[in-house]
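Take a look at the structure below.
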Amino acid sequence: MRHLIKVKQSIMEMKEYVAGKSIEEAARSYGLDPNSIIKLASNENCMGPSPKAVDAIKEAAANVHIYPSVDGVELREEISRRYNMPIKNVVVGAGMDGVIETLLRTFLDKDDESVIPLPTFSYYENVTRFCSAVPVYSKRKHDYSIDTDDIIAKAGERTRFIFITSPNNPTGNITPIEDIKKIAESVDSLVFVDEAYIDFAGSSAIDLVRKYDNVIVGHTMSKAWGLAGLRIGYAFIPEWIFSQYMKVATPFNLSNISISAAIAALNDGEHYRKSVETIIRGREQLMKDLPFKALPSEANFILIDTSPLKSGYVVDECMKRGIILRDCASFRGLGDTFVRITVGTKEENERVIAALREIRDKA
Ligand SMILES: *Cc1c(COP(=O)(O)O)cnc(C)c1O
């Protein structure tokens, strides 16, 4: 028996991250043909990747014996040009998840705090915990808008981060820029604005990074840009954080394939616009025809309330019909009757609408 090797207490207390089921897992557990399964569980782009990104991946493949740039500088330059932001305000990571992890490892000491408005994306809480810091929750209002006053009241001496997800996952609503401003002006901590789904919504908070020294805006190429499998995220940060972030970031955290594909995707505006248009149209189709109460959404997914049916039951019944949806019972503070549906192609949307009708009528 070893006595000195111990997993950190903060890790022992954590729950494992719950992701949407993969097609392979679903095929195995439900005895289905993988080709018949549609996955509307993880908010990926139903239009696939940009063909130009795919070409860039093939081209980059010949050079994978060479290390990529240590800090993803080619991609950071591209982002810096597109958004008209100096390069020292742009950092990249292995997905936005990777960026969040590096930022929290840079700032969170033991017993520091993150303020997290619930329900929301669970990874903020996980990283906070594995930094031995403490998540502090703020309950969203009835319409799932954030409670600005409560957040400001909860931001204290030990608060290092406040997480604002806009549009929010899984509720789909945005936070008005005015509310983010008010929080940034009222607190002595960093405000991380997660804009994973901003492409499907209105205006970005990027301008606030230019005005405030405590606002960070995170973006990802996993959703509208169709590159979830490559793990590419970036953030706009105040310049004073840059060199500290660089010390903490894993060297070479973007592969040369990821860097090339991301640059090619960013330069394929046509595929991007077509994706966003198709998804917004699909969102309207689902809003109109889904047989359960749906929350208004500015993202590429819709949250439905399946009550009186339990979300676990509805997700399981959909799975039997070859449709993977996200059971939201694992989201802290949401309850057990919510299911998140990623907007798919017209045909995929029709299939999920028909399946849900059948499940509702049978119950
Ligand atoms: C998908 C998602 C991310 C990050 O995705 P990456 O694939 O790690 O870039 C971040 N925040 C929210 C709210 C998300 O839904």
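The values are calculated or read from the model by the stated rules, or taken from the named source; none is laboratory data. These numbers come from a predicted model, not from an experiment. Cβ: placed from backbone, ideal geometry, glycine included. Neighbour counts: every protein chain shown. Heads up: the accessible areas ignore ligands, DNA and RNA and are worked out on the full protein's heavy atoms, side chains in. Shrake-Rupley method; radii C 1.70, N 1.55, O 1.52, S 1.80 Å.
On the stretch given as the range 304-334, residues that are within 22 Å of the chain's Cα centre (by Cα) and of a type in the set (A, V, I, L, M, F, W, C) total 9. Any idea which of (1) of a type in the set (Asp, Glu); (2) over 30 Å from residue 60 (Cβ atoms); (3) touching a helix residue (DSSP H, G or I) at 6+ places or on another chain (Cβ under 6 Å) is the one residue 358 doesn't satisfy? Condition not satisfied by residue 358: (3). Residue pairs whose Cβ atoms lie under 9 Å apart, separated by 6 or more positions or on different chains, with the first residue in the range 117-129 and without any contact (Cβ under 8 Å) to a residue 24 or more places away in the chain and more than 15 Å from residue 333 (Cβ to Cβ) and the second surrounded by fewer than 21 Cβ atoms within 10 Å (Cβ to Cβ) and not charged (D, E, K, R), do not occur.
Only one of the numbered conditions (1) closer than 14 Å to residue 298 by Cβ; (2) part of a loop (DSSP other than H, G, I, E, B); (3) open to solvent by 10 Å² or more (accessible area, probe 1.4 Å) is violated by residue 199, and that is (2). Of all the listed residues (189, 138), the sole one being at pLDDT 95 or above, farther than 24 Å from residue 239 by Cα and not aromatic (Phe, Trp, Tyr) is 138. The residues in the range 218-264 that are within 12 Å of the ligand (Cβ to nearest atom), aliphatic (A, V, I, L, M) and either farther than 30 Å from residue 58 by Cβ or part of a helix (DSSP H, G or I) (or both) can be counted, and the count is 3.
What residue, among those in the range 115-141 that are hydroxyl-bearing (Ser, Thr, Tyr) and under 19 Å from residue 10 (Cβ atoms), is farthest from the ligand (Cβ to nearest atom)? Talk me through it step by step, then tell me what you get.
Here is the first cut: in the range 115-141, the ones hydroxyl-bearing (Ser, Thr, Tyr) are 120, 122-124, 128, 132, 137-138.
Next cut, under 19 Å from residue 10 (Cβ atoms) only: 122-124, 128, 132, 137.
Numbers: 122: 9, 123: 7, 124: 9, 128: 14, 132: 22, 137: 16 Å.
That would be 132.
Checked against the criterion of being assigned by TED's automatic domain parsing to the domain that holds residue 218, more than 15 Å from the ligand (Cβ to nearest atom) and surrounded by 15 or more Cβ atoms within 10 Å (Cβ to Cβ), the candidates 112, 97 yield just one match: 112.
One line per residue, one yes/no per condition, for (1) exposed (fewer than 13 other Cβ atoms within 10 Å of the Cβ); (2) of a type in the set (Phe, Trp, Tyr); (3) touching a Lys or Arg at 6+ places or on another chain (Cβ under 9 Å):
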position	(1), (2), (3)
4	yes, no, no
17	yes, yes, no
20	no, no, yes
33	yes, no, no
45	no, no, yes
50	no, no, no
61	yes, no, no
64	yes, no, no
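Okay, residues lined up against (1) assigned to a strand (DSSP E or B); (2) touching a helix residue (DSSP H, G or I) at 6+ places or on another chain (Cβ under 9 Å); (3) aliphatic (A, V, I, L, M):
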| position | (1), (2), (3) |
| --- | --- |
| 287 | no, no, yes |
| 296 | no, yes, no |
| 299 | no, yes, yes |
| 302 | yes, yes, yes |
| 312 | no, yes, no |
| 318 | no, yes, no |
| 332 | no, yes, no |
| 341 | yes, yes, yes |
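Residues that are of a type in the set (Asp, Glu) and within 16 Å of the ligand (Cβ to nearest atom) within the range 175-214 comprise 194, 195, 199, listed in sequence order. Of all residues in the range 239-272, those satisfying the criterion of being open to solvent by 20 Å² or more (accessible area, probe 1.4 Å), touching a strand residue (DSSP E or B) at 6+ places or on another chain (Cβ under 9 Å) and hydrophobic (A, V, I, L, M, F, W, C) are 242, 246.
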